[in-house]
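The values are calculated or read from the model by the stated rules, or taken from the named source; none is laboratory data. As the structure is a computational prediction, the values presented were derived from the model and not from experiment. Cβ coordinates were reconstructed from backbone atoms using ideal geometry, including for glycine residues, and neighbour counts include every protein chain displayed. Heavy atoms of the whole protein, side chains included, go into the accessibility calculation; ligands, DNA and RNA do not. Shrake-Rupley method; radii C 1.70, N 1.55, O 1.52, S 1.80 Å.
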Amino acid sequence: MRELKLIIKRYVPKKIWFSLIKIYNFTKLRALYELYLIKSAPQKHQKALQIVRKKEKVKVAFFLIHESVWKYDVLFDLMLKHPRFEPQIFVCPAVNLGIENMLYEMDKSFNAFKKKGYNIIRTYNNSTGEYLDIKKTFTPDIVFYTNPYEGLQDYRYYITQFSDTLTCYVPYAIMMVDFEFIYNLKFHNLVWRIFSETPIHKEIASQKQKTKNQNSVLTGYPGFDQLLINKKPNDAVWKNKNPNLKKIIWAPHHSMDELNKVANFLEYYDFFFELADKYNDKIQIAFKPHHLLRIKLEQEYWGKEKTDIYYNKWAKLANGQCENGDYIDLFLTSDALIHDCGSFMAEYLITGKPSLFMVRNESVMEHWNAFGKKAIAAHYQSRNKEQLINFIENVVLNKNDRMKEERNNFIQSNLIPKNKLTASENILEYLEDQIFKGI
């Protein structure tokens, strides 16, 4: 290290050298401060828990950013009915893609939840440009987050602003890979409780996290709850009412670059229109893209005009439609899913219906965690257009579903909580034990 410093001082101009020192010292200072926050978090949480235990009513804030990754419907409804919890949903801004996208996502989420009958509060005033101070207006005892990424959400609502509050997190998707950022961000080490999806995910987190996953509780995945308990889904979500048409969902991911090699969209975007036309008297297709796909197309690949034309074409198609919001009824009333989106992999399998994963590159198959390997093994797979057509014709239309038993075994062995409660019931029971019973 000493020799490196001497070389840099000799060959690097003095102004740049001093700038490097400042950057190094700032980075080091920031790392030390983060370590302090992590080490002091358990003590702060214990103090907060003691305060909350003395309260008759417990205020619970749910921070919603994107409607599409909201997993708390059942838990929120359970809390509404509970005599001692006072839950409230707040729409928080996503700031990573500019003000226009922030306002669009906030309005979209606000309107969707209003339509469902929720009492929901905006944290940003479009007219005045002012942000809501939730600590003053609501003073939450517990905060539930929907996303762990610091750069995505406004700093006013990030976890560092609620270090004296009991903070909770359910992963926005059931994770299929074990990348570091999924388990070991500053957020994961600061949050009071992470409610883990499966024993496999809990074990991966214990290996990845700085805190060795000491803040994790195994409950099952709340994202499955509505798919399991909703016995009367609304098939009106499908535009075409012809009962003879099989209902197929196409859910493309947004990672289209050569580094990730996940998304097949650019190779297949026109082909799905060809399929809709070829089988117009047999199928209808719901285009259900990842919410970031449109932004990527507008900003990096196509531009806004071409993107708008493409999305509108789906909306106008006689046996097609475009979906960008809640998907519970869509999943439950469909016949099959075609996708390359890891976050949908287990959520759709739990419906018991056939699902096809489109493999763009074999390198994608190398990144699954232990859970992901089991989930992909319960999928049909395609690597070309012929295999995709075979899935539609053989599995969907002719009902030759040879993987049905394998899917059901995967569901029972990996997705259903062993105590026969929903994941949301398990979370509520844990909070009751911690707060009201002092366990």
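Distance between the 7 Å Cα→Cβ label points at D270 and D107: 3.3 nm. The amide H of T123, built 1.01 Å from its N in the peptide plane, has V91 as neighbours under 5 Å, considering only residues 5 or more places off or on other chains. Give the shape of region 79-177 as rounded, prolate or oblate, defined through the alpha-carbon gyration tensor: a ≥ b ≥ c are the square roots of its eigenvalues, a/c under 1.5 means rounded, and otherwise the shape is prolate if a/b is larger than b/c and oblate if not. Rounded is the answer for region 79-177, as its axis ratio a/c remains below 1.5.
Peptide packing: for 33-43, 376-386, the average count of neighbouring Cβ atoms within 10 Å per residue gives the ranking 376-386, 33-43, highest mean first.
Computed over the chain with a Gaussian network model linking Cα atoms closer than 10 Å, the most mobile of H339, H367, H66 is H367.
Using a basic spin-label model with each label point 7 Å from the Cα along Cα→Cβ, how many nm lie between Y301 and K261? Going by the 7 Å Cα→Cβ label model, 1.7 nm.
Give the shape of region 294-377 as rounded, prolate or oblate, defined through the alpha-carbon gyration tensor: a ≥ b ≥ c are the square roots of its eigenvalues, a/c under 1.5 means rounded, and otherwise the shape is prolate if a/b is larger than b/c and oblate if not. Note, shape of region 294-377 comes out oblate.
Rounded to the nearest 10 degrees, the angle from helix 304-316 to the longest Cα principal axis of the chain is 50 degrees. Among G372, G223, G98, whose mean-square fluctuation peaks in a Gaussian network model of the chain (Cα, cutoff 10 Å)? The residue that fluctuates most here is G98.
Would you please classify the overall shape of region 183-277 from the alpha carbon gyration tensor, given that a ≥ b ≥ c denote the square roots of the eigenvalues, rounded means a/c under 1.5, and beyond that prolate means a/b larger than b/c while oblate covers the rest? Oblate shape, in that a/c is at least 1.5 and b/c is the bigger or equal ratio. DSSP beta bridges confined to region 54-138 are antiparallel in about 10 percent of cases. Estimated at 0.36 nm per residue, the fully extended path between S163 and D235 surpasses their Cα-Cα distance by 21.6 nm. D by Stokes-Einstein for region 70-109, Kirkwood Rh over Cα pairs, 4 °C, 1.567 mPa s: 108 µm²/s. Sparse packing (at most 16 other Cβ atoms within 10 Å of the Cβ) combined with a DSSP loop state is found for the following trypsin sites (Lys or Arg not before Pro) in region 113-151: K116.
Please work out the ratio of the alpha-carbon Rg of region 342-417 to 2.2 N^0.38 Å and round it to two decimals.
Numbers: Rg = 12.5 Å, N = 76, 2.2 N^0.38 = 11.4 Å.
Ratio of Cα Rg to 2.2 N^0.38 Å: 1.09.
Computed over region 121-167, relative contact order equals 31 percent, with contacts defined as Cα pairs under 8 Å that lie 6+ residues apart.
Per residue, how much accessible surface does the chain expose to a 1.4 Å probe? Answer in Å², no decimals.
Spelled out: the 1.4 Å probe surface of the chain, per residue, equals 49 Å².
Nearest 500 deg cm²/dmol is fine: what mean residue ellipticity at 222 nm does the chain get from its DSSP H runs of n ≥ 4 alone, each adding -39,500 (n - 2.57), divided by its residue count? Calculated from helices alone, the mean residue ellipticity at 222 nm is -11500 deg cm²/dmol.
For region 90-156, applying the loop criterion from DSSP together with a ceiling of 11 other beta carbons within 10 Å to the GluC sites (Glu not before Pro) yields E130. Between the amide H of K246 and those of I283, Q284, distances stay under 5 Å, these residues lying 5 or more places away or on another chain, with hydrogens modeled in the peptide plane. Amide hydrogen proximity for Q153: with H placed 1.01 Å from N in the peptide plane, the residues at 5 or more positions away or on another chain lying under 5 Å are V95.
Among A263, A31, A336, determine the one that fluctuates most according to a GNM of the chain built with springs between C-alpha atoms less than 10 Å apart. Maximum among the listed residues: A31. Bridges between two residues of the chain, per DSSP, are antiparallel at a rate of about 5%. Ranked by the mean number of other Cβ atoms within 10 Å per residue, highest first, peptides 325-332, 190-197, 52-59 order as 190-197, 325-332, 52-59.
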